[in-house]
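Below: the structure, in C-alpha cells.
The values are calculated or read from the model by the stated rules, or taken from the named source; none is laboratory data. Because the structure is predicted, anything quoted here is derived from the model rather than measured. Positions of Cβ are backbone-derived with ideal geometry, glycine not excepted, and every protein chain shown enters the neighbour counts.
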Ligand code: F6R
C-alpha cells in the first residue's frame, strides 16, 4: 500500500531517473494511482515531477527517466487521504521547497495536523497525509534543531503506521523512518538506498539492513547511522546478504507475473517441503500447537482461505479442532477471551497486513496468546513480532493476486498437521513421501489443466455473476476461487459451502446460470446431490474434481483433476482455479498483475 524508494549517490548521476523508474516498476504492486519522482542536484537545486497513472504513463508524459540527480525520492500511491490527483501525488515539497519527502502508510491525525500547520503558517498544498510528514519535520528543522532531532520531534506529532524518506538541499544525505510500515535499507557500491520492499533493492544490491519499528536512519552514499526514534541513541547493525534472487522480479518468458508465479508452484512447494524437513522450528511450532488450550488460525483475504484449509487438515489428520478467524474481526469476536495458554497462528504473505498486525499488537499488549507466524517476507512486522516463525520460502511474489504464496500456505498446513498427527500417535501422512510426491502432482496438474482452463475461461469470461461451491476439503479452494475471480476478472463470484446453497441462494438459478463445484472423489455423494439441486433447475453445474464417472454423468460439464491422493486434491484444485481466473482476466483485457483499486500490502485498517 504505497511504495517509497530513496537513493543517495556520491556524485550527480545522469541515470537517476532510470533508477527511480525501475524501482517504481518493481514496487508497482504496492500502488498505482499516482507516481512521483523528486531529485536533488549537486548544485543544490531540485526537481519534482508527479501525476496520476501508472509509472510507465507518468514516465512517458513527464520524462521521469531523463532526470539526473545526486539524490532521488520516488513514491507510488494507493490513495487513502485525498483523491488520486496530481496535487495529492507524492513526493511533496516543504513550504519553501528546500525539502522533498514521501511516505507510505497512514497518518491518521491528518485533518488535525492540516489545521494546525496552516494555523502555524505552513503552506499546505494537498489533502494528502504524506505532506504532513514533510511539514512536521520542517517545522522543527526550521527552528534550528539538527535534522535527526527534528525527525524525533516530528514522530511525536504523527499518529498512525507509516514509513517515510526525506532529504533537504543542504547535505548529501536522506533520512528514512520506520513506524509500523515496512522498510529496508540496501547498501551498494557507491550508493545507499531505502525502500518499502526488497524487489526494488535487489536489482541494485543484495546487501540488506532490516530496520525495526521505531528506528530511523540517516544515510549518505557511503555510510548509514541507525537511531532509536524515542531518544536518538545509535544502534549498530551490519548489512546481511539477502537469500532472495533478483530474477524473481522479472517476468522472464511469461506475459504476466501471475502466470509465471503459478508456474513456479511445483518448485516453490518442493523448496518449502525440503526446508521444513530440515527445520528445527517445525518442532517448536508443532509443540506449541499441541500444548495450546485453544488454537486460532488468523489471517486476511487469501491467507484467511489458507487458514480455512489448515483447519480441515488439523481436524482431519491430527484430530485437532482449531478456530479460524478473519484478522479484522478477531479482536472484537475473540479478544476478550484469549488467554496466555492460547496459540495464534498468524498467516500473511507480506507480514505487514494491518488487520493482522493489530491482532498481534493487541495480544502483546494484553500479554495473552503465543504468536506463531507463517510469513513470506523476511524482516516483516509479523516475522519480527512472532515468537517462532516459519517462512513460506516462496521468494518474491510480484503479482498483486497471491498465488504461489497461497499454495505454500496450504502446503505448510498439510505438513504441520501431518507432523502433529505423528506427535499424537495418529495414522497419517508420511512427510517424506509428501515431500517426494506433492511437487510432482502440482506440476502434473499444471501441464494437464492449462488447455481445459483456457477453454473454460473462453466460455465463462463474459459472465458477470456466478457461484463457486465447495464441499469438504475443497471448500476453502472454492472460497479462494471466488476471491480470485472477483479480484482479477471483476465479475461477481460468491464462494460458499455447497450444502449452504439451498438455504437461500438457490433462488438465483435460472436457465444456464453457471456454478462451479469443487470436491474430492471421496465426497462425490454429496457433490452429486448438490449438483442435482442446480441442474434440475436448468442451472449449469461445472464440476472440478478428480475423475469420476458418476460426477461426470450428473454435472453439466466437468474439468477433471489428475489422480492425486485425497489430501492433495486442494493443491490440484488450486492450480485449476488460479489458471481459470488468470485466463478469464486476460480474455477480458485486464492486466491480472495489477487489478484496479487493489494493493498487495494493505497497511491500513
Ligand atoms: C488476494 C490477496 C489478498 C491478501 C490479503 C492478505 O489475492 O492477495 O486477499 O491475501 O490482503 O495479505 P497478506 O497475506 O499479505 O497478509
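The C-beta contact set for the stretch 335-363 (first residue touching a residue at least 24 places away in the same chain (Cβ under 8 Å) and more than 25 Å from residue 397 (Cβ to Cβ), second residue assigned to a strand (DSSP E or B) and more than 9 Å from the ligand (Cβ to nearest atom), distance under 7 angstrom, 6+ apart or interchain) comprises 342/296; 343/295; 343/370; 343/372; 363/344; 363/371.
Taking the conditions (1) within 16 Å of the ligand (Cβ to nearest atom); (2) in a helix (DSSP H, G or I); (3) surrounded by 17 or more Cβ atoms within 10 Å (Cβ to Cβ) in turn, residue 441 satisfies each one other than (1). With the condition kept exactly as written, say whether any residue in the stretch 296-313 is buried (at least 22 other Cβ atoms within 10 Å of the Cβ), more than 16 Å from the ligand (Cβ to nearest atom), part of a helix (DSSP H, G or I) and in contact (Cβ under 8 Å) with a residue 40 or more places away in the chain. So far as the stretch 296-313 goes, yes, one or more of its residues are buried (at least 22 other Cβ atoms within 10 Å of the Cβ), more than 16 Å from the ligand (Cβ to nearest atom), part of a helix (DSSP H, G or I) and in contact (Cβ under 8 Å) with a residue 40 or more places away in the chain.
If I filter the stretch 200-241 down to residues being in a strand (DSSP E or B) and under 22 Å from the mean Cα position of the chain (by Cα), which single residue comes out as farthest from residue 147 (Cα to Cα)? Step through it out loud before you land on a result.
Initial filter on the stretch 200-241 (in a strand (DSSP E or B)): 207-210, 215-219, 224-228, 234-235, 240-241.
Subsequent filtering for residues that are under 22 Å from the mean Cα position of the chain (by Cα) retains 208-210.
Values: 208: 24, 209: 22, 210: 22 Å.
The selected residue is 208.
For the stretch 107-136, filtering for residues that are outside any helix (DSSP H, G or I) and surrounded by fewer than 24 Cβ atoms within 10 Å (Cβ to Cβ) leaves 10. For the list (1) surrounded by 22 or more Cβ atoms within 10 Å (Cβ to Cβ); (2) over 17 Å from residue 199 (Cα atoms); (3) at pLDDT below 95, I need the number of the one condition that residue 380 fails. Every condition holds for residue 380 apart from (2). Is it the case, given these coordinates, that residue 59 is at pLDDT 95 or above and either under 20 Å from residue 131 (Cβ atoms) or not in a helix (DSSP H, G or I) (or both)? In short, no.
Would you confirm, using the coordinates I've provided, whether residue 432 is touching a residue at least 60 places away in the same chain (Cβ under 8 Å) and in contact with a strand residue (DSSP E or B) (Cβ under 8 Å, 6 or more places away or on another chain)? So residue 432 fails the test. Strands (runs of 3 or more DSSP E) fully within the stretch 463-529 that include at least 3 residues being within 16 Å of the ligand (Cβ to nearest atom): 492-497.
Go through the residues of the stretch 342-354 one by one and say whether even a single one is away from the ligand (no atom under 16 Å from the Cβ), within 21 Å of residue 282 (Cα to Cα) and out of contact with any helix residue (DSSP H, G or I) (no Cβ under 7 Å at 6 or more places or on another chain). Let's see the steps before the verdict.
Within the stretch 342-354, the subset away from the ligand (no atom under 16 Å from the Cβ) is 342-343.
Now narrow it down to the ones that are within 21 Å of residue 282 (Cα to Cα): 342-343.
If we keep only those that are out of contact with any helix residue (DSSP H, G or I) (no Cβ under 7 Å at 6 or more places or on another chain) too, we end up with 342.
Scanning the stretch 342-354 turns up at least one residue that is away from the ligand (no atom under 16 Å from the Cβ), within 21 Å of residue 282 (Cα to Cα) and out of contact with any helix residue (DSSP H, G or I) (no Cβ under 7 Å at 6 or more places or on another chain).
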